[in-house]
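Colleague: Take a look at this one; I'll ask things after.
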Ligand code: AMP
Ligand code: ZN
């Protein structure tokens, strides 16, 4: 580790890039806000976990023993991030006349399938919110007297009771008006429920007894409790999407300060985590990202159209995590082509060399140094990808050593380059109207036509394949490829 550049990460709390200094020497403890499992995740949500995965892989690559926690929110997240609306889980269960527990299980499994498809490493702990309710009640009891007050609706956190409230969002206690629903009796607009009582006359599928009446925990409370319980305060890094910088994370921070009896946020460690990191959004102009828009952009939709999920991962890595990324099918197609080139290059190296060498060897030191500098510079994955291209393009080098160099880079980028084969990337689009056997037949006829110099027939056969969603790829060892729809 001695001659490696220091890992620099952008801390949203200070709005500065900072050299990473672990709380516990040699370790890295990371908490990422997980999904609310009332529906399938969209690919924007999955960008948040690709980012958290690259962060985790980078920490491992840099030699830190990583403990990563991602939670599953199966209770408490209201339809408005702040303090209004219904519980998303209760609302989904009512709309579909299903039990919340069934809904939670179904969408948690769907989320885990997307995690696996994107080659995101499983964290050390998937913490499920409903399994931590007793700890949430204990946490709330600890802070209730000095930091909370009761209203008919439940127990509210007084954001004026901690120093520097809203520093992460660069707001203060009186801002937020207009964004946050007013609840009669709140001391500040930004005060939020940490325990919501079940309204009289209503029954909820999920409710627990507490000193403040039967009810359910607030969403912000969950993350404070699970991160503190599994990682200990202060831990190293807390991640989430940029929307969480505005309400959810400032509220988690306020609770953490209250719980730890800590001072203001000029010392970031008082926030509960030393570094807060946020990925920017994936955007799509026509609104297909919204889960309420019917056919929204799920990973499965990409797969159904013939785009391998790792092409989406590559698309994410081509942008910096702090930049907005605009989704387009053309962009995804370009990422798929780039991924195929990389996988073809690895396949050719494997044909020549078999397995990768144990280490890359000195010829690759310069390129791997540039890779290290890029990834250490606040996870500059787009530059890291160009270094990967440079490595792939290097001539007159030992192929086994080249494979070893690719393996080093891919341990961080996670494109699965050493496990993917060309065939795995050839996903059949749902709408394709031809099967593999028929394609092979047409390609045989086409080969015969070309051998007989009947180029008109050869072109006609190619066009017929193309109309059925298949590209004839002259010169390619496999001869054909699905055309993503
Ligand atoms: P949710 O399930 O709504 O709690 O969101 C899960 C994660 O996805 C959170 O970290 C959000 O901040 C993040 N997120 C939501 N929408 C997007 C988007 N369009 N692009 C990137 N991240 C997002
Ligand atoms: Zn959270």
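Colleague: Let's test the formula: R0 of 30 Å, r as the Cβ-Cβ distance of residue 322 and residue 419. What FRET efficiency results, to the nearest 0.05?
Modeller: Efficiency for this residue pair is about 0.55.
Colleague: Let me ask something else about it. Rounded, prolate or oblate, given the Cα gyration tensor of the stretch 305-423, with a/c below 1.5 counting as rounded?
Modeller: oblate
Colleague: Specify the angular offset, from 0 to 90 degrees and rounded to the nearest 10, of the alpha carbon long axis of helix 455-467 from the longest principal axis of the alpha carbons in the chain.
Modeller: For 455-467 against the chain, the angle is about 20 degrees.
Colleague: Taking the simple approach of a point 7 Å from Cα along Cα-to-Cβ for both residue 285 and residue 337, what is their distance in nm?
Modeller: Here the modelled spin labels are 2.0 nm apart.
Colleague: Can you give the calculated 222 nm mean residue ellipticity of the chain, where each DSSP H run of n ≥ 4 adds -39,500 (n - 2.57) and the sum is split over every residue, rounded to the nearest 500 deg cm²/dmol?
Modeller: -13000 deg cm²/dmol
Colleague: May I pose another question? May I ask for the angle, rounded to the nearest 10°, between helix 399-413 and the longest principal axis of the chain, with both axes built from Cα atoms and the value confined to 0 to 90°?
Modeller: Value to nearest ten degrees: 30.
Colleague: Can you give the FRET efficiency for residue 101 and residue 450, using 1/(1 + (r/R0)^6), R0 = 56 Å, r = Cβ-Cβ distance, to the nearest 0.05?
Modeller: 0.40
Colleague: For the pair residue 426 and residue 358, how long in nm is the line joining their label points, each one 7 Å along Cα→Cβ?
Modeller: 3.8
Colleague: Here is a follow-up. Need the full-extension length gain, residue 146 to residue 460, defined as separation in residues times 0.36 nm minus the C-alpha distance. One decimal, nm.
Modeller: Full extension from residue 146 to residue 460 adds 105.1 nm.
Colleague: Between residue 19 and residue 373, what is the FRET efficiency for a Förster distance of 22 Å, r being their Cβ-Cβ separation, to the nearest 0.05?
Modeller: Approximately 0.95, to the nearest 0.05.
Colleague: Classify the stretch 160-306 as rounded, prolate or oblate, taking a ≥ b ≥ c as the square roots of the eigenvalues of its Cα gyration tensor: rounded when a/c is under 1.5, otherwise prolate if a/b is larger than b/c and oblate if not.
Modeller: Note, shape of the stretch 160-306 comes out oblate.
Colleague: Then there is this: For residue 198 paired with residue 351, estimate the spin-label separation in nm (one decimal), with each label point 7 Å from Cα along the Cα-to-Cβ line.
Modeller: 6.6
Colleague: If each residue of separation counts as 0.36 nm, what is the full-extension length gain between residue 269 and residue 396 once their alpha-carbon separation is subtracted?
Modeller: Additional length available on full extension: 40.7 nm.
Colleague: Counting pairs of alpha carbon atoms under 8 Å apart in space and at least six apart in sequence, what relative contact order in percent does the stretch 1-118 give?
Modeller: 26
Colleague: A further question on this structure: Using Cα atoms only, what is the angle between the long axis of helix 365-376 and the major principal axis of the chain, expressed in degrees (0 to 90) to the nearest 10?
Modeller: Taking the Cα atoms of the chain, the angle to 365-376 is about 30 degrees.
Colleague: Indicate the gyration tensor shape class of the stretch 433-484 (rounded, prolate or oblate), computed on the Cα atoms with a ≥ b ≥ c the square roots of the eigenvalues: a/c under 1.5 is rounded; otherwise a/b larger than b/c is prolate and the rest oblate.
Modeller: prolate
Colleague: So how much slack lies between residue 116 and residue 476, counting 0.36 nm per residue of separation and subtracting their Cα-Cα distance, in nm?
Modeller: Full-extension gain reported as 126.7 nm.
Colleague: Let me have the relative contact order for the stretch 8-283, percent, based on Cα pairs under 8 Å that are six or more residues apart.
Modeller: Dividing the mean separation by the residue count of the stretch 8-283 yields 24 percent.
Colleague: To make sure I understand, if each residue's beta carbon is the centre and we count other beta carbons within 10 Å, what order do 150, 246 fall in, fewest to most?
Modeller: 150, 246
Each reported figure results from applying straightforward, stated rules to the coordinates on display, with no laboratory input. Note that the structure is a prediction, hence the values are computed from the model and not measured. Note: ideal-geometry Cβ built from the backbone for every residue, glycine included; neighbour counts use all protein chains shown.
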